[in-house]
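Written below as structure tokens is the structure these notes are about.
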Amino acid sequence: MKISVGDIQVSESLFLNMFIATMTQQTRPSLSHSHSFVEIAMVLKGTGTYTINAEEYPIAPGDLFFFGSNAIHYITNASSSLELLTLQFP
């Protein structure tokens, strides 16, 4: 689930999109995706596994992830309910 925090517009263009993403405790199938924009995600609460370009990384509160455009990423496991602050720069 996504909860919008807000965005910043410059002229008629979106400069920054901010939201909090939540995920209940679960193991997910491969839901890989990528974007044509830069994304920064900070884990606010919970633990799990982030898969980035086929490498698995354990995640915990305070962890930051920076994704360049077209980096394949997804959360494959939430050991407990997760909450992430996500910033997207189109």
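The values are calculated or read from the model by the stated rules, or taken from the named source; none is laboratory data. None of the values given here were measured: they were computed from a predicted structure. Every residue, glycine as well, gets a Cβ built from its backbone with ideal geometry; the counts of neighbours run over all protein chains shown. For the accessible areas, the whole protein counts, side chains as well, though only heavy atoms, and no ligand, DNA or RNA atoms are used. Shrake-Rupley method; radii C 1.70, N 1.55, O 1.52, S 1.80 Å.
Across the range 31-67, what is the total count of residues that are at pLDDT below 90, over 14 Å from residue 86 (Cβ atoms) and aromatic (Phe, Trp, Tyr)? Of the residues in that region, 0 qualify.
Contact map, the range 1-30: residues that are farther than 19 Å from residue 56 by Cα and among the β-branched types (Val, Ile, Thr) paired with residues that are at pLDDT below 75 and surrounded by 13 or more Cβ atoms within 10 Å (Cβ to Cβ), Cβ distance under 8 Å, separation 6+ or inter-chain. Pairs shown: 8/14.
The chain holds strands (runs of 3 or more DSSP E) entirely within its bounds, and those carrying 3 or more residues that are open to solvent by less than 30 Å² (accessible area, probe 1.4 Å) map to 13-23, 38-45, 48-52, 73-78, 82-89. Residues in the range 69-90 that are touching a strand residue (DSSP E or B) at 6+ places or on another chain (Cβ under 7 Å), within 13 Å of residue 49 (Cβ to Cβ) and among the hydroxyl-bearing types (Ser, Thr, Tyr): 3 in all.
Cβ separations smaller than 8 Å between residues 6+ apart or across chains give the following pairs from the range 37-48 residues that are polar (S, T, N, Q) to residues that are open to solvent by less than 70 Å² (accessible area, probe 1.4 Å) and part of a strand (DSSP E or B): 47/59; 47/78; 47/82.
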